[in-house]
Amino acid sequence: MEILIRRSPEEVATTAADIISTHLKPGAVLGLATGSTPLATYQELIRRTKEGEISFAGTTAFCLDEYIGLPPEHDQSYHYVIRNEFTKHIDINDAYVHSPDGMNPRPWEAAEQYEKAIVSAGGIDIQLLGIGTNGHVGFNEPATSLRSLTRVETLHSQTVSDNSRFFDSVDDVPRYAITQGLGTILRSGQALLIATGKGKAQAIASLVEGPVTSQCPASVLQLHNNATVIVDEDAAFLLKESDYYRHVEEARPDWKGLDGRPKL
Ligand code: GLP
């Protein structure tokens, strides 16, 4: 894993946008996350698109997850949120912005279809991720199989409580979701996890320096071939080896691209 420590949430967003931009070309498949953390990154990508620096033309996007039982037009469905916050402001074809069908009465089938759609698209080139305070990624809660594929997940009470800020009351938060699995995330070409604020420090310490364990689902990134974690100083404050991670970045070889691969 590559750990990039930034001074502020704004710098986290700039670096995340730099990395995502290296993947943009017709045919690229992007994995998009919801939650508040990616919003600044999306704002930066929108700005760059409007100024003509980058283009999402010809790209396809797959959302990480979706609540079960919220119709697409509900303002907290991820189908709606990803459009409202990001994709309707960039030059991606809306027909190529996918999310799991949370209204399918047979949600387990919707989950299987979604996994197949990702495979048919050629797999995800870059998967953007946030992290829950309990270490979840997507909606993969503690005790998720490290090889799980897209499926139905029961939300943890911590997640329901954390996400209740987006709803009128905690009782309105859906209890189930369809989420890409940890195995789905492991198949992505590059996994890019971003976190800001002290509230994420424990989850980040467990992800980066704890054991690989389904008790911290994000720790599966230790098994990813090409994972990048970008954090601000607050989210990094429990990392024991932060000096080393800074040194690794300063000593980055010239040949190594932001996408984690050798530059051609
Ligand atoms: C939700 C999403 C996750 C996201 C998490 C953290 O549970 N399913 O994908 O990472 O929230 O969100 P935030 O960035 O708002 O803290």
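Computed from the coordinates by the stated procedures, all read-outs in this text should not be read as laboratory data. Because the structure is predicted, anything quoted here is derived from the model rather than measured. Here the Cβ positions follow ideal geometry from the backbone for every residue, glycine too, while neighbour counts run over all protein chains shown.
Results, tabulated for the structure shown:
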quantity: Positive-end residue of G123, N93, G138, charge dipole of the stretch 68-180 with Cβ unit charges; calculated: G123
quantity: Full-extension gain in nm, D254 to R147, via 0.36 nm per residue minus C-alpha separation; calculated: 35.1 nm
quantity: In order through the stretch 226-241: 3J(HN,Hα) via Karplus (6.51 cos²θ - 1.76 cosθ + 1.60), integer Hz, x for Gly, Pro; calculated: 8, 10, 10, 10, 10, 9, 8, 4, 5, 6, 8, 5, 9, 6, 6, 9
quantity: Built amide H within the under 5 Å cut-off of N93, gap 5+; calculated: G58, T59
quantity: Total charge dipole magnitude, the stretch 2-250, about the Cα centre, Cβ charges on Lys, Arg, Asp, Glu only, Debye to nearest 20; calculated: 360 debye
quantity: Under 19 Å from K240, Cα to Cα: aspartates and glutamates that are on another chain or at least 8 residues apart; calculated: E2, E209, D232, E249, E250
quantity: Sum of -39500 (n - 2.57) over DSSP H runs of 4+, divided by residues of the chain (222 nm, nearest 500); calculated: -9000 deg cm²/dmol
quantity: Phi to ³J(HN,Hα) by Karplus 6.51 cos²θ - 1.76 cosθ + 1.60 over the stretch 197-213, Hz, x for Gly, Pro; calculated: x, 4, x, 9, 4, 5, 4, 5, 4, 5, 4, 7, 10, x, x, 6, 8
quantity: Ranked D232, D259, criterion: other C-beta atoms within 10 Å, fewest first; calculated: D259, D232
quantity: Estimated translational D of the chain in µm²/s (Stokes, Kirkwood radius over Cα pairs; 25 °C; 0.890 mPa s); calculated: 133 µm²/s
quantity: Given K116/K256; K25/K116; K25/K50, the pairs whose alpha carbons are separated by over 25 Å; calculated: K116/K256
quantity: Cβ-based exposure ranking for T14, T184, T144, in which fewest neighbours within 10 Å come first; calculated: T14, T144, T184
quantity: Amide H contacts of S8 (H built 1.01 Å from N, under 5 Å, at least 5 apart or other chain); calculated: E233
